[in-house]
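Comments concern the structure below.
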Amino acid sequence: MTTRTRFAPSPTGFIHLGNIRSALYPWAFARSTEGAFILRIEDTDLERSSQAAVDVILEGMSWLGLTPDEGPFYQMQRMDRYKAVLSELRAAGHVYPCYMSVTELDALRERQMAAKQKPRYDGTWRPEPGKTLPPIPEGVQPVWRFKNPLDGFVAWDDKVKGRIEIANAELDDLVIARPDGTPTYNFCVVVDDIDMRITHVIRGDDHVNNTPRQINIFHALGHTPPVYAHLPTVLNEQGEKMSKRNGAKAVTQYREEGYLPDAMVNYLARLGWSHGDDEIFSREQFLQWFDLDHLGKSAAQFDEAKLRWVNAQHLKAMDNAQLAQAVTPYLQKLGHQPDERMAALCALYKDRCDTLVALADWIARHHGEVQASEADRAQHLTDAVRPAIAAFAQALTHVAWEPAAIGAAMKQVLADHGLKMPQLAMPVRVLVMGTPQTPSVDQVLALHKREVVLARLSKA
């Protein structure tokens, strides 16, 4: 049997890291088993769904490389199919019309709560042998309810939570179509999963309560339910469920902040799954290792500092030419164009950076003007060192423009003026780079143009 998984977001807001993890695992499972990954947009909530939200979902998945094999499919484009299946259920006697108004339903729930009972539909309109139904109210369009079994249990072996059994007596008759005939979420999901031949449903544990209802609809339609794996919630740094309301950022915001897609995949993978003690791994390793047996059973907590650390490790390990391509858009945002130095600049600075934004800032110092703080100038550009800076500048006019020769010139000036390395290196850094902290001065200068270095040193 070919593995078929799906990601089925509702486009009712931007997609954040908690949401996208529910795409990562089914994508990874499909890839690791040579199966198919399907994208389905559950857009039946017409009031809250938007094309803008759809676009962000597609953009976020594309950036992370979570490419679907099929889709996106849109539920609103499948209404005729849902209505056809609903007709099948009607003909088979699995659904019935319910004329109970919202007011009546609210009153019922109030009575049940007052009696300390679980609020639920009481089956008033459910047809049973020998039962007399209430008279049909004039001019009222009914909802259609699914005839849930009255006895027995619905059970499944969840790949995360283990065996789950729920008595059918705990479930009321679910509304599966509204008065205007449009189907509801739980019904659409089942029809979609059947039609798309989904074998494994990997989703957030906020869907656990929907699962027994969906399983019973599967059985009514004569189909075997898929394997379920319900993922624990992702918490924010404050220990709350990650959500837009609680300050979660859109997935695409991390791209703007200079995170690498492979680093994001690495970090998200570890938010609920593990492979021994491995913290840093490539996308290829993740897909080789991934299975459903090592999904975590407890809620994972997002930690942005940890994410930055993971991103830094991927930056360091990345091929310099590839890194140069990745950082180019960020450099361009700063108003500079890449040149032949890009790969070498990435090699020089990447160990100091945790994002592409930080790396672009370093590289920009080799292209545009720099401005040191007054405090740094006052501390490092003293009258005592200015003669040595002038001598160093003079030496740089004729040396070979490579690190060894630049370093030798600096050592000679230090010897001639009786100075130690920091006494000259620090002010040179401040003048050329705008900061006293950089990699080795000779390497930094060698990746500047000679005329730029001389011009900046002249401002001592």
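The values are calculated or read from the model by the stated rules, or taken from the named source; none is laboratory data. Just so it is clear, the model here is predicted, and its values are computed rather than measured. Methodologically, a virtual Cβ is constructed for each residue, glycine included, from the backbone with ideal geometry; neighbour enumeration extends over all protein chains shown.
Some notes on this structure:
- Output for region 297-312, where each listed residue is touching a helix residue (DSSP H, G or I) at 6+ places or on another chain (Cβ under 8 Å) and either surrounded by fewer than 17 Cβ atoms within 10 Å (Cβ to Cβ) or not assigned by TED's automatic domain parsing to the domain that holds ALA263 (or both): LYS306
- Selected residue [outside the structural domain of TRP362 (by TED's automatic domain parsing) and either surrounded by fewer than 16 Cβ atoms within 10 Å (Cβ to Cβ) or at pLDDT below 95 (or both)] from GLN412, GLN443: GLN412
Per-residue answers, yes or no, for (1) under 23 Å from ARG90 (Cβ atoms); (2) in contact with a helix residue (DSSP H, G or I) (Cβ under 7 Å, 6 or more places away or on another chain):
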position	(1), (2)
PRO149	yes, yes
PHE153	no, yes
VAL160	no, no
VAL175	yes, no
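- Out of VAL444, VAL430, VAL452, one residue alone is in contact with a Ser or Thr (Cβ under 7 Å, 6 or more places away or on another chain) and closer than 24 Å to ARG352 by Cβ. It is VAL444.
- Here TRP289, TRP273 are screened, and the one residue that is in the same structural domain as LEU24 (by TED's automatic domain parsing), over 13 Å from the mean Cα position of the chain (by Cα) and crowded, with 19+ Cβ neighbours inside 10 Å is TRP273.
- Some residue of region 240-248 being in contact (Cβ under 8 Å) with a residue 12 or more places away in the chain and in a helix (DSSP H, G or I): no
- Residues of region 10-34 that turn out to be closer than 17 Å to GLU284 by Cβ and either modelled with pLDDT under 95 or assigned to a loop (DSSP other than H, G, I, E, B) (or both), as a count: 2
- Restricting attention to region 58-97, the residues that are under 14 Å from ALA220 (Cβ atoms) and free of Cβ contacts under 8 Å to residues at least 24 places away in the same chain total 2.
- Matching residues, region 161-184, being assigned to a strand (DSSP E or B), over 13 Å from LEU150 (Cα atoms) and touching a residue at least 12 places away in the same chain (Cβ under 8 Å): ILE164, GLU165, VAL175, ILE176, ALA177, PRO183
- Filter result for THR2 (exposed (fewer than 14 other Cβ atoms within 10 Å of the Cβ), assigned by TED's automatic domain parsing to the domain that holds ASP291 and within 14 Å of the chain's Cα centre (by Cα)): no
- Residue check, VAL140 closer than 28 Å to GLN75 by Cβ, under 27 Å from the mean Cα position of the chain (by Cα) and assigned to a loop (DSSP other than H, G, I, E, B): no
- In region 439-460, the residues that are of a type in the set (Asp, Glu) reach residues that are modelled with pLDDT of 95 or more with C-beta atoms within less than 7 angstrom, at least six apart or across chains, in these pairs: ASP442/PRO403; ASP442/ILE406; ASP442/GLY407; ASP442/MET410.
Residue by residue, here is whether (1) assigned to a loop (DSSP other than H, G, I, E, B); (2) within 18 Å of SER87 (Cα to Cα); (3) of a type in the set (Ser, Thr, Tyr); (4) under 24 Å from the mean Cα position of the chain (by Cα) holds:
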site	(1), (2), (3), (4)
CYS188	no, yes, no, no
VAL191	no, yes, no, no
ILE194	no, yes, no, no
ILE198	yes, no, no, yes
ILE202	no, no, no, yes
ASN216	no, yes, no, no
HIS219	no, yes, no, no
GLY222	yes, yes, no, no
PRO225	yes, no, no, no
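- Residue within region 300-311 that is in a helix (DSSP H, G or I), among the basic types (Lys, Arg) and in contact (Cβ under 8 Å) with a residue 40 or more places away in the chain present: yes
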